[in-house]
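Notes follow once the structure below has been shown.
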Amino acid sequence: MDTLSFKTVSANKATVTKEWVVVDASGQSLGRVCSKIAKLLRGKYKPNFTPHVDCGDNVIVINADKVVLTGKKWDDRVYLKFSGYPGGQRQFSPRFLQAKGSDRLFRKVVKGMLPKNRLGAAILANLYVYDGAEHKHEAQQPRLIDLNTLK
């Protein structure tokens with residue numbers, strides 16, 4: 001019996017193949033788009049996914065200012081931040097974060113979908129968010145991904 005065929009191959013930092021992908025967020029729902037972005041960042045769509053390794057792709061989000069929230073979520077949804085001091089809890093609405101920059105809104109939502117450790121912080125560094133259709137990563141030759149085809 002060939003026992004080599006039963007070996008599980010784990011990815012490591014040297015064997016990981018990271019790609020650059022572009023995601024168009026115009027007209028997409030914020031939570032649905034961010035969950036697929038988190039999966040791309042984590043590497044869940046790859047066959048050699050390893051939970052303890054950063055094996056995901058570098059994701060460029062364009063048209064982040066055209067993302068959609070249904071109902072009154074722009075003003076009624078509350079994101080919290082706590083400084084650690086008494087009375088240091090602050091509340092933010094998605095509209096406030098979007099006004100400060102779309103990257104803040106996307107990073108807040110995607111960060112909540114990633115692991116809460118050093119690996120999650122390293123993975124979040126692979127996310128690049130831009131308001132318009134232009135980005136500065138043309139040298140990496142990113143490929144455009146349609147999120148509606150991903151599960």
Practice problem: Could you check the simple spin-label distance between VAL53 and LYS7, using points 7 Å along Cα→Cβ, in nm with one decimal? | Solution: 1.3
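With the cut-off at 29 Å, tell me which of the pairs LYS44/LYS100; LYS46/LYS136; LYS108/LYS151 have Cα atoms farther apart than that. List each step's numbers first, then the result.
Working: LYS44/LYS100 31 Å; LYS46/LYS136 26 Å; LYS108/LYS151 22 Å.
Among LYS44/LYS100; LYS46/LYS136; LYS108/LYS151, the Cα-Cα distance tops 29 Å for LYS44/LYS100.
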Quiz item: How much accessible area does THR149 have with a 1.4 Å probe, in Å² rounded to the nearest 10?
Solution: 100
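When ligands, DNA and RNA are left out and all protein chains stay put, how many square angstrom of accessible area per residue does the chain have with a 1.4 Å probe?
Working: 9680 Å² over 151 residues.
On a per-residue basis, the chain sits at 64 Å².
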Quiz item: Net charge near TYR130, counting Lys/Arg +1 and Asp/Glu -1 over other residues with Cβ under 14 Å of its Cβ?
Solution: -2
Quiz item: Along the Cα-to-C-beta direction of ARG32, a point sits 7 Å from the Cα; which residues of the range 55-78 have their amide N less than 18 Å from that point?
Solution: 62-74
Quiz item: What is the Cα centroid distance between the range 97-151 and the range 61-81, reported in whole angstrom?
Solution: 15
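Restricting to the range 13-134, what percent of DSSP beta bridges are antiparallel, rounded to 5? Write out the running numbers ahead of the final one.
On the way: 4 of 13 bridges.
Of the beta bridges lying entirely in the range 13-134, close to 30 percent run antiparallel.
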Quiz prompt | Neighbourhood charge, 13 Å Cβ-Cβ cut-off, centred on TRP20 and excluding it, Lys, Arg +1 and Asp, Glu -1 | solution = 0
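Can you pull the percent of the range 20-149's accessible area that's carbon plus sulfur, 1.4 Å probe, other chains left in place?
Values: 3840 of 7550 Å².
Carbon with sulfur: 51 percent of the solvent-accessible area.
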Quiz prompt | Neighbourhood net charge (9 Å Cβ-Cβ; Lys/Arg +1, Asp/Glu -1) for ASP54 | solution = +3
Practice problem: State the answer as a single residue: which of SER102, TYR85, ASN58 lies farthest towards the positive end of the charge dipole of the range 20-149, with beta carbon charges of +1 for Lys and Arg and -1 for Asp and Glu, about the Cα centre. | Solution: TYR85
Quiz item: About the Cα centre of the range 1-93, what is the dipole size in debye to 20, counting +1 per Lys and Arg Cβ and -1 per Asp and Glu Cβ, all else neutral?
Solution: 240
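How big is the charge dipole of the range 95-151 about its Cα centre, in debye rounded to the nearest 20, if each Lys and Arg gets +1 on its Cβ and each Asp and Glu gets -1 on its Cβ? Each step should come with its number before you reach the end.
Values: 11 positive and 5 negative charges, 92 e Å.
For the range 95-151, the charge dipole is close to 440 debye.
The values are calculated or read from the model by the stated rules, or taken from the named source; none is laboratory data. Please read all numbers here as calculations on a predicted model, not as lab measurements. So basically every Cβ, Gly included, is an ideal-geometry build from the backbone, and we count neighbours across all protein chains shown. When the accessible area is computed, the model is the full protein with side chains, heavy atoms only, and any ligands, DNA or RNA have been set aside. Shrake-Rupley method; radii C 1.70, N 1.55, O 1.52, S 1.80 Å.
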